[in-house]
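Below you'll find the structure, written out as structure tokens, and then a few comments.
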Amino acid sequence: MKGALLFYRRMASPLHATRAGVGALWLAALSVAIILMYHPLVLLALLAAVLCAGAGAGVGRLLARSMRTGAIVWLPIVVVNVLVSRDGLTVFARLGDLGPFGQGNLTLEAVVFGAVIALKVMLLILITTLGSLAVDPDETLRILRRLSFRSALTASLATRMIPVLGADAQRLAEAQRTRPQGPPRGARGRVALLRAVIGGSLDRAMDVAATLEVRGFATARRAPRLARPWSRHDIAFLASAIAIVGLALVGRLAGAVRFDAYPEVHAPIGAGTIVLCVAFLAAVLLPFGDRRGIDG
Amino acid sequence: MTAPLLSFDRVTYRYPGVDAPALSEVTIEIQPGEFCLLAGLSGHGKSTLLRAACGLVPHFHGGRFAGRVTLAGLDTREYGPARLGAFVGVLFQDPETQLVMSTVRAELALALESRGHSAASVARGVEEVALALGIDSLLDRSTHDLSGGEKQRVALGAALAGRPALVLLDEPTSQLDPVAGDELIGLLRRLNQEWETTIVLAEHRLERCLAACDRVIALQGGRVRSDGDPQAFLQWAGRQAPALQTPAAKLISLAGLHPAPTGVRQARATLRANGLLPEVMPPNPVDRPEAKRHRAAKSTAAALEMNGVWHELRRGPAILRGVTLRLAPGESVALMGRNGAGKSTLLRHAAGLLEPTRGRVQRAGRVALLLQNPGDYFIHERVAEETSAEALAAVGLGEMAERNPRDLSGGERQRLALAIVAGAGERPAVLALDEPTRGMDRDAKAELARQLRRRADEGQAVIVATHDPEFAAACATRAVLLADGRVIADGTASELLAGGWYFATETARILGGAGGALLPEQGVELLRVRTALEVVA
């Protein structure tokens, strides 16, 4: 079960060694760049950067798996966009008159725009996955606990309980497999099984609630501010975050990443575009080059 | 006399919707620095007493509460568990439900942060408790990745982080192997002696902690029936509650000797004083070469045969490493070893829930596997719906057909789960049980051992993974010791469980493994034979 779920484990990587606040800021900067950019080449450069960053953080394999799973999101985006968009000029298939929906013309432009949006969504999924794998959730929630203790602790608890409840469900399923007649079949059997799973989860929730109660949850106060010296990795990732947002803004304002999907695809690749792609790769990956002072 | 840290004054408590009181007229006082052991069979009020001491009863559980509990001068009717938490740390049975954060450091810090400690105080508290419990190397580990013993230590660390004056523990060793269990009790003793932390510990395996504690409070039917030092408790148990007697006390009592010993050392001293044990113990029988490997008779067809079974994780270590094991029909085998040795994986392979990555498993028929948590088998509201009347009758639960499975006692739940997996009609060739005695009292264990012996007598092969040498000795004729996925010893129970410290019964440890005596009744027979021989000589 553990292998099927993505959760944080401390590893020896520059991103893991960075304070959670900076790590989250760095990922937020990448998200801003992804939201601002539409040029396919720049988005592909960002995809390469994120995948390499995942490898640098020691979670490349999990990130690649997340990308494969993400097909259930990006594929429908492309298909739906092709079916509903009426703005392109290059028709590659005609579905005829669709009544109130007009002419069912499928266009190349709709495919390209759908693919660009899907790529952006995919990138945001990868960023979220990278964050959940490499940024300490306890430290992040600790920051949030300064704002709202109970909400943050509830979120923390939910994060922790997902694998625990997953393991419970697996254990229960395994126990049912050992019955001489096998697991219960039919609607009635499945309902009984579901009731047992829910009952077990509620029992466990009661135990956790009792633990929290005796640890002072009811009278909890704001978490204290931690004074912690800035490490070289904190500084490097903060500088990287600033650079990523700066590059995205400059690229956008300077028009170096102009992209139009409709009425015809227009994505010029000039020197500015190439420079921006290289700059993004460098800004994202340079902090991973310094591995001094990292422990497991 | 100092003011008591914890006092119960005529406390009577009933859980919501239950008429019978869980606690009845309980009056006790616990002084600062005491190490108290709560003894009693399952369902006789130990856990309820602990929950009343920390305010969970009645604030969290509701119900009807009469009398008065005061902790550090605070009346628990007026102050809830959160407020009382400044004075008391609590460790429950299941470590999994007590870890709420993702890393060990955050887990230890949580209680301090929620009580408003400064950042420096939190950091210092975390470091100190980690050092005190020897978990400093785990601080940056993920709580998901810890072993059962490590989780229990971290949960204890979280309970101790605020340096509470009182620590309450509810069967903390029930899910630990003998080594981790002994380590935890040693740790509690050290906390008690070095920090003067008051400890109140509820435990079924009294022999594990009796020597460490100052006082034993025995509960029966929610009432305090005995309250005194360990020897006074053992004398009372010998007269009034034999199910609570430790094996050492039973051995000495059956031999007609006094005083009742609290551990191996006292028992040996008593036997030596009466000339029943040599001054220098002979070499440990585990060193005898014949104890290393058991050759199951090959004349009969095997009920289960595992040949060079490997279980290798796709991206991880090998859990089983070439295990070869043969069980004959009617043979009963105890499978022992530390947590993580591979016992549960081996049983899953035996039952066909897992496929070996290398090697072969052959079964003469169905293998019925009873997993660790009997509650996982119950999906209906009535016992009768879970399995056939015939199967229920076979485990002695025919009278309970209309009860809700979740209302049964620990021992009854285990028997019902056994009835479900064993089923009716076609008898399984092998019955495999994974740590069936977790949290069970001695009476329930004895009943289960009887059931297993009966099934073995009827020709079923029985294999039981257990951490409990006494239970292994009561139900098995052969013992297999696993370590790191390998069989490291395989012999008759009397050979294997008579040697060593951790995987040996208390009787065997007292007698130094002499004569392969494992249980008090066998031990006293051995002593009688010795005495008779000496008289003849």
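Where in the range A:1-107 are there helices (runs of 4 or more DSSP H), lying wholly inside it, with at least 3 residues that are farther than 30 Å from A:Val250 by Cα?
Ranges flagged: A:60-69, A:71-84.
So, in the range B:55-81, of the ones that are of a type in the set (A, V, I, L, M, F, W, C) and under 16 Å from A:Met206 (Cα atoms), which residue ends up farthest from the chain's Cα centre (by Cα)?
That would be B:Phe60.
Does the range B:283-293 include one or more residues that are crowded, with 20+ Cβ neighbours inside 10 Å, touching a strand residue (DSSP E or B) at 6+ places or on another chain (Cβ under 6 Å) and at pLDDT below 85?
Yes, because at least one residue in the range B:283-293 is crowded, with 20+ Cβ neighbours inside 10 Å, touching a strand residue (DSSP E or B) at 6+ places or on another chain (Cβ under 6 Å) and at pLDDT below 85.
Of everything in the range A:56-86 that's among the charged types (D, E, K, R) and modelled with pLDDT of 85 or more, which residue is surrounded by the most Cβ atoms within 10 Å (Cβ to Cβ)?
A:Arg65
Search the range B:152-165 for residues being more than 11 Å from chain A (Cβ to nearest Cβ) and under 23 Å from the mean Cα position of the chain (by Cα), and hand back the single one that is surrounded by the fewest Cβ atoms within 10 Å (Cβ to Cβ).
For the range B:152-165, the residue satisfying everything is B:Leu160.
Show the residue pairs that are 6+ apart or on different chains and have beta-carbon atoms under 8 Å apart, the first residue being within the range A:172-185 and facing chain B (nearest Cβ under 7 Å), the second being polar (S, T, N, Q) and outside any helix (DSSP H, G or I).
A:Ala175/B:Asn373
Would you mention how many residues in the range B:340-353 are part of a loop (DSSP other than H, G, I, E, B) and buried (at least 19 other Cβ atoms within 10 Å of the Cβ)?
Qualifying residue count, the range B:340-353: 2.
Can B:Leu139 be described as under 27 Å from A:Leu144 (Cα atoms) and crowded, with 24+ Cβ neighbours inside 10 Å?
Judged against the criteria, B:Leu139 is not a match.
Residue by residue, here is whether (1) within 14 Å of another protein chain (Cβ to nearest Cβ); (2) within 18 Å of the chain's Cα centre (by Cα); (3) farther than 23 Å from A:Thr140 by Cβ holds:
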| site | (1), (2), (3) |
| --- | --- |
| A:Gly21 | no, yes, no |
| A:Leu75 | no, yes, yes |
| A:Arg94 | no, no, yes |
| A:Phe101 | no, no, yes |
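Any chance you could count how many residues in the range B:124-149 are facing chain A (nearest Cβ under 10 Å), among the polar types (S, T, N, Q) and under 25 Å from the mean Cα position of the chain (by Cα)?
Adding up the residues that qualify gives 1.
Return the residues of the range B:107-129 that are aliphatic (A, V, I, L, M) and closer than 24 Å to A:Met161 by Cα; say none if nothing qualifies.
B:Leu108, B:Ala109, B:Leu110, B:Ala111, B:Leu112, B:Val126, listed by residue number.
Among the residues in the range B:359-382, are any buried (at least 16 other Cβ atoms within 10 Å of the Cβ), more than 28 Å from the chain's Cα centre (by Cα), among the charged types (D, E, K, R) and not in a strand (DSSP E or B)?
Within the range B:359-382, one or more residues are buried (at least 16 other Cβ atoms within 10 Å of the Cβ), more than 28 Å from the chain's Cα centre (by Cα), among the charged types (D, E, K, R) and not in a strand (DSSP E or B).
When you scan the range A:197-208, do you find a residue that is in a loop (DSSP other than H, G, I, E, B) and surrounded by 13 or more Cβ atoms within 10 Å (Cβ to Cβ), even just one?
No: the range A:197-208 contains no residue that is in a loop (DSSP other than H, G, I, E, B) and surrounded by 13 or more Cβ atoms within 10 Å (Cβ to Cβ).
Would the range B:109-120 turn up any residue that is modelled with pLDDT of 90 or more and in contact with a Leu (Cβ under 8 Å, 6 or more places away or on another chain)?
No, the conditions are met nowhere in the range B:109-120.
Would you check which residues across the range B:100-123 are facing chain A (nearest Cβ under 7 Å) and of a type in the set (Val, Ile, Thr) and list them?
B:Val100, B:Thr103, B:Val122
B:Gly439 passes all but one of (1) closer than 26 Å to A:Asp203 by Cβ; (2) in a helix (DSSP H, G or I); (3) away from chain A (no Cβ under 12 Å); which number fails?
Going through the list (1) closer than 26 Å to A:Asp203 by Cβ; (2) in a helix (DSSP H, G or I); (3) away from chain A (no Cβ under 12 Å), B:Gly439 breaks only (2).
Would you mind telling me which numbered condition in (1) touching a Lys or Arg at 6+ places or on another chain (Cβ under 9 Å); (2) in a helix (DSSP H, G or I) B:Glu525 fails?
With (1) touching a Lys or Arg at 6+ places or on another chain (Cβ under 9 Å); (2) in a helix (DSSP H, G or I) applied to B:Glu525, the lone miss is (1).
Could you tell me which residue of the range A:219-234 is farthest from the other protein chains (Cβ to nearest Cβ), considering only residues that are at pLDDT 90 or above and surrounded by 14 or more Cβ atoms within 10 Å (Cβ to Cβ)?
Residue satisfying both the conditions and the ranking: A:Arg232.
Could you grab the pairs with beta carbons closer than 6 Å, sequence gap of 6+ or different chains, first residue in the range A:199-217 and facing chain B (nearest Cβ under 7 Å) and free of Cβ contacts under 8 Å to residues at least 24 places away in the same chain, second one in a helix (DSSP H, G or I) and not polar (S, T, N, Q)?
A:Ala210/B:Leu56; A:Glu213/B:Pro81; A:Val214/B:Pro81; A:Arg215/B:Ala111; A:Gly216/B:Ala82
Please state which one of A:Ala210, A:Ala175, A:Ala192 is touching a His at 6+ places or on another chain (Cβ under 9 Å), within 23 Å of B:Leu418 (Cα to Cα) and small (Gly, Ala, Ser).
A:Ala192
Against the condition among the polar types (S, T, N, Q), in a helix (DSSP H, G or I) and without any contact (Cβ under 8 Å) to a residue 12 or more places away in the chain, how does A:Ser151 come out, does it pass?
Yes.
Are there any pairs, at least 6 apart or on different chains, whose C-beta atoms fall under 8 Å, with the first in the range A:135-147 and within 10 Å of chain B (Cβ to nearest Cβ) and the second of a type in the set (Asp, Glu), and if so, which?
Close Cβ pairs (under 8 Å, with a partner that is of a type in the set (Asp, Glu)) amount to A:Arg142/B:Glu113; A:Arg145/B:Glu113.
Which of the numbered conditions does B:Ile463 fail, given that it passes all the others? Conditions: (1) more than 20 Å from B:Gly337 (Cβ to Cβ); (2) modelled with pLDDT of 90 or more.
Condition not satisfied by B:Ile463: (1).
Any idea which of (1) under 30 Å from B:Ala120 (Cα atoms); (2) in a helix (DSSP H, G or I); (3) out of contact with any Phe, Trp or Tyr (no Cβ under 8 Å at 6 or more places or on another chain); (4) in contact (Cβ under 8 Å) with a residue 60 or more places away in the chain is the one A:Leu238 doesn't satisfy?
Tallying (1) under 30 Å from B:Ala120 (Cα atoms); (2) in a helix (DSSP H, G or I); (3) out of contact with any Phe, Trp or Tyr (no Cβ under 8 Å at 6 or more places or on another chain); (4) in contact (Cβ under 8 Å) with a residue 60 or more places away in the chain, A:Leu238 fails exactly one: (3).
Of all residues in the range B:54-99, how many are assigned to a loop (DSSP other than H, G, I, E, B), of a type in the set (Asp, Glu) and either within 22 Å of A:Leu157 (Cα to Cα) or facing chain A (nearest Cβ under 7 Å) (or both)?
1
Residue check: is A:Ala256 away from chain B (no Cβ under 14 Å), buried (at least 16 other Cβ atoms within 10 Å of the Cβ), in a loop (DSSP other than H, G, I, E, B) and not charged (D, E, K, R)?
Judged against the criteria, A:Ala256 is a match.
What number of residues within the range B:313-339 satisfy the criterion of being at negative phi, away from every other protein chain (no Cβ under 14 Å) and in a strand (DSSP E or B)?
13
Quick one: A:Thr154 ticks every box in (1) surrounded by 16 or more Cβ atoms within 10 Å (Cβ to Cβ); (2) within 13 Å of chain B (Cβ to nearest Cβ); (3) within 24 Å of the chain's Cα centre (by Cα); (4) hydroxyl-bearing (Ser, Thr, Tyr) except a single one, so which number is it?
Failed condition: (1).
In the range B:1-23, which residues are part of a loop (DSSP other than H, G, I, E, B) and of a type in the set (Phe, Trp, Tyr)?
Answer for the range B:1-23, where residues must be part of a loop (DSSP other than H, G, I, E, B) and of a type in the set (Phe, Trp, Tyr): just B:Tyr15.
The values are calculated or read from the model by the stated rules, or taken from the named source; none is laboratory data. Predicted, not measured: the structure shown is a model, and the values here were computed from it. Heads up, the Cβs are rebuilt from the backbone with ideal geometry, glycines too, and the neighbour counts pull from every protein chain shown.
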